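Comments concern the structure below.
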Amino acid sequence: MRSLTKTSLAVMAAAILLSTPTAPAEAGDLKDASAIVSRTNIAQYYAAKDGRALVRMKIVDGKGRSQRRQFAVLRRDKTDGGDQNYLVVFDQPADVRNTAFLVKKHASKDDDRWLYMPGLDLVKRIAASDERTSFVGTHFFYEDISGRQPDEDKHQLLETSDTEYVVKSTPKSSKGVEFAHYTLRINKKTFLPSKIEYVNAQGKVYRLIETVKVDTVQGVATITRLKVSDLESGGYTLSDVSNVQYDLGIPDDIFGEASLRNPPQKWLR
């Protein structure tokens, strides 16, 4: 849901694969890392022409204390792999009810993002420099919700096994990012990421995104459980996605600032 960037979301691969020899490439294996990442971007964020889902998040801090978030998300693509729009509207818990998040994702420039805070009746513009900060108190970043654009990074194919591609992605510019690189483990059948490891300048994995469950919805492989872990604090957020529907014919005009204060309930149910 970068279905519910400009990439980041993501079945778990065993860590031992990192130290085993690379399996011989099959005849149908892709060799171009950029092509692999582009297909992953399409599979994860551009399923069908539009979509709706209900997302429940459990947020656990390093001391084991937990809280929950629930929201509905709408998505509509303008072009496959290109511009698209997202609208996220929270309904639980009470202190975030009616908080709304709007994204106008652009393929060739920075995304436009707005957050509506009903307690203040304020619409806040999310700056590009804030994309990699916490999304409404969770371990997800704003960029994780709508993804990261593949061309923001240089991609290197590290390994091909019978079931996965392993790709190292390094940002072309260090501006606005806190990682030195990240490694994607990509399922060869679905092209969904099974694991994403973010590595800091000291070479340490400090953040982890894991696909816990994938279901087939209307013939589309869809991530329905995702876990984001902060390995430094010990906290994590577990995201469960349900009520997924594709190709609803969601109109483009609901993805405007007016929907932040007055969400389109017809499409959110």
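Couple of notes before you dig in:
- The distance between label points at Gln202 and Gln156 comes to 2.2 nm (points 7 Å beyond Cα on the Cα→Cβ vector).
- Gap separating the Cα centres of the range 210-248 and the range 109-162, nearest whole Å: 16 Å
- Between Gln67 and Asp32, the FRET efficiency from the beta-carbon distance, with R0 = 41 Å, is close to 0.45.
- Sorting 111-119, 207-215 by their mean Cβ neighbour count within 10 Å, with the most densely packed peptide first, gives 207-215, 111-119.
- FRET efficiency estimate (nearest 0.05) - Cβ-Cβ, Asp110 to Lys188, R0 35 angstrom: 0.65
- Dipole of the range 15-262, positive end: most advanced residue of Gly81, Gly28, Gln245 [Cβ charges, Cα centre]: Gln245
- Cα-based equivalent ellipsoid, the range 15-262: semi-axes from gyration tensor eigenvalues, Å: 29, 21, 18
- MRE, 222 nm, helices only [DSSP H, n ≥ 4, -39500 (n - 2.57), over the chain, to nearest 500]: -2500 deg cm²/dmol
- Per-peptide average of other Cβ atoms within 10 Å, ordering 248-255, 129-136 highest first: 129-136, 248-255
- Flagged links, alpha-carbon separation over 31 Å, of Lys172/Lys266; Lys49/Lys109; Lys109/Lys168; Lys195/Lys266: Lys172/Lys266; Lys195/Lys266
- Using θ = phi - 60° in the Karplus curve 6.51 cos²θ - 1.76 cosθ + 1.60, the 3J(HN,Hα) couplings for the range 203-212 round to x, 9, 6, 10, 9, 9, 10, 10, 7, 9 Hz; x is entered for Gly and Pro.
- With viscosity 0.692 mPa s and temperature 37 °C, the Kirkwood radius over alpha carbon pairs of the range 86-211 converts through Stokes-Einstein to a diffusion coefficient of 202 µm²/s.
- Cβ-based charge dipole, the chain, positive-most Cα from Val103, Val166, Pro263: Pro263
Every number in this text was worked out from the coordinates using simple rules, so none of it is lab data. Model, not experiment: these values are computed from the prediction. Here Cβ is always computed from backbone atoms with ideal geometry, including for glycine, and neighbour counts include all displayed protein chains.
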